[in-house]
1. State whether one or more residues within the stretch 76-83 are in a helix (DSSP H, G or I) and either acidic (Asp, Glu) or open to solvent by 90 Å² or more (accessible area, probe 1.4 Å) (or both).
2. Just one of Phe49, Phe97, Phe31 is under 16 Å from Ala13 (Cβ atoms) and exposed (fewer than 11 other Cβ atoms within 10 Å of the Cβ); which is it?
3. Evaluate the following for Val101: is it in a helix (DSSP H, G or I) and among the β-branched types (Val, Ile, Thr)?
4. Go through the stretch 24-44 and report how many residues are closer than 20 Å to Asn5 by Cβ and either free of Cβ contacts under 8 Å to residues at least 40 places away in the same chain or part of a helix (DSSP H, G or I) (or both).
Amino acid sequence: KQQCNALESEFQALIISMQNCWSKGYTRVCFEGDNKEVEELLNGNKLNFGMFNWIREVRIWRSRFTDCQFRWCHRSSNVPADLLAKHQIPFNSSFYFHNLVPHVMTNALHSDFSNLII
């Protein structure tokens with residue numbers, strides 16, 4: 001389904017991520033994103049009736065996990081996701097699923113990992 005706005009796109013990306021984690025058997029997950037409104041809506045800190053169906057769908061998927069959390073992080077704290085979001089989708093495709101880490105993200109992931117160790 002084509003989205004009408006950025007918030008709907010964020011929710012759809014989250015649901016696809018949740019489905020992917022669930023299909024791989026993960027039971028305890030924490031989803032981090034740089035959209036503060038999504039985090040506020042899912043954690044009950046804000047209301048938006050226009051997003052009711054998206055929120056309901058996320059909550060249905062959330063119930064399938066033993067532990068599932070939603071956290072906001074500043075975009076500068078998640079350089080790999082920012083790079084991936086800006087990376088061009090292949091011609092004539094509406095999405096692209098990566099089975100392996102895309103080359104465009106390798107250096108950023110190594111840098112993020114190094115920052116965790118320090």
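The values are calculated or read from the model by the stated rules, or taken from the named source; none is laboratory data. Keep in mind the model is a prediction, meaning the values are calculated, not measured. Virtual Cβ from ideal backbone geometry, glycine too; neighbours counted across all protein chains shown. All accessible areas refer to the heavy atoms of the entire protein, side chains included, with ligands and DNA or RNA removed. Shrake-Rupley method; radii C 1.70, N 1.55, O 1.52, S 1.80 Å.
1. yes
2. Answer to the check: Phe97.
3. It is false that Val101 is in a helix (DSSP H, G or I) and among the β-branched types (Val, Ile, Thr).
4. The qualifying residues number 8.
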